[in-house]
1. Among 170-182, 145-157, what's the highest-first ranking by average C-beta atoms within 10 angstrom per residue?
2. Quick one: Cα convex hull volume of region 59-204, Å³ per residue?
3. Given 0.36 nm per residue, what is the gain on full extension from residue 7 to residue 69 after removing their alpha carbon distance, in nm?
4. Provide the packing ranking of 163-169, 58-64, i.e. peptides ordered by the mean count of other C-beta atoms within 10 Å per residue, highest first.
5. Full extension from residue 203 to residue 50: what is 0.36 nm times the residue separation minus their Cα-Cα distance, to one decimal in nm?
6. Which FRET efficiency value, to the nearest 0.05, is calculated for residue 80 and residue 109 with the Förster distance at 35 angstrom and r the Cβ-Cβ distance?
7. Residue 186 to residue 128: FRET efficiency via 1/(1 + (r/R0)^6), r the Cβ-Cβ distance, R0 30 Å, to the nearest 0.05?
8. Would you please state which residues of region 169-204 a label at residue 35 would reach in this model, taking the label point 7 Å out along Cα→Cβ and a backbone N cut-off of under 17 Å?
Ligand SMILES: [Zn+2]
């Protein structure tokens, strides 16, 4: 980070859990894969209108691409610009797969009582009065989903290494939340569930 930025918040998201935080317009949000191969599900809400939420489908429609690049502007459900990618060292991100929830573990794996990203987000966003009824689809940072020429989707282990990160600039005042996805029943998270680190910077 250059000398014109000041770290104002650092949050560790424990593996398998979530944390929520505020990022004001113009501030920078860094999401770091501490040990590598950890999916970070990400939600963002307009702080002043929670109904406006960051939207993967509105973003890939505007970008005409399922791959994210430095300089891309991520769109909201109202098609406004919410966050801009300033730097990115991750080999891939996923814009297609819904957040895991209780039903994902029950219906697809026959497992009850497993933590999930949706449960994590409910816990983290409750203090902001944001509930499941307005949860959007997530940006799955660091996740690797291969799209075959015939359209088949293959969920692969993340290709991130320790310390890989994405740096975003807020284009609105947002409430953000990150879940260090607890999925350990398919290979997306590598061999273990690990922490994600969040940093918020003020630009001076
Ligand atoms: Zn998950």
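1. On the way: 170-182: 23.9, 145-157: 10.8.
Ranked by mean Cβ neighbours within 10 Å, highest first: 170-182, 145-157.
2. On the way: hull volume 20.8 nm³, N = 146.
It is 142 Å³ per residue.
3. Numbers: separation 62, 0.36 × 62 = 22.32 nm, distance 2.42 nm.
So the extension gain works out to 19.9 nm.
4. Highest mean packing first, the order is 163-169, 58-64.
5. On the way: separation 153, 0.36 × 153 = 55.08 nm, distance 2.50 nm.
In short, 52.6 nm is gained.
6. 0.40
7. Numbers: r = 30 Å, r/R0 = 1.01.
Calculated value: 0.50.
8. Correct set: 179-198.
Just so you know, all these numbers are worked out from the coordinates, no wet-lab data involved. Given the structure is predicted, the values throughout are model-derived calculations rather than measurements. Glycine also receives a Cβ, built like all others from the backbone with ideal geometry; neighbour counts cover every protein chain displayed.
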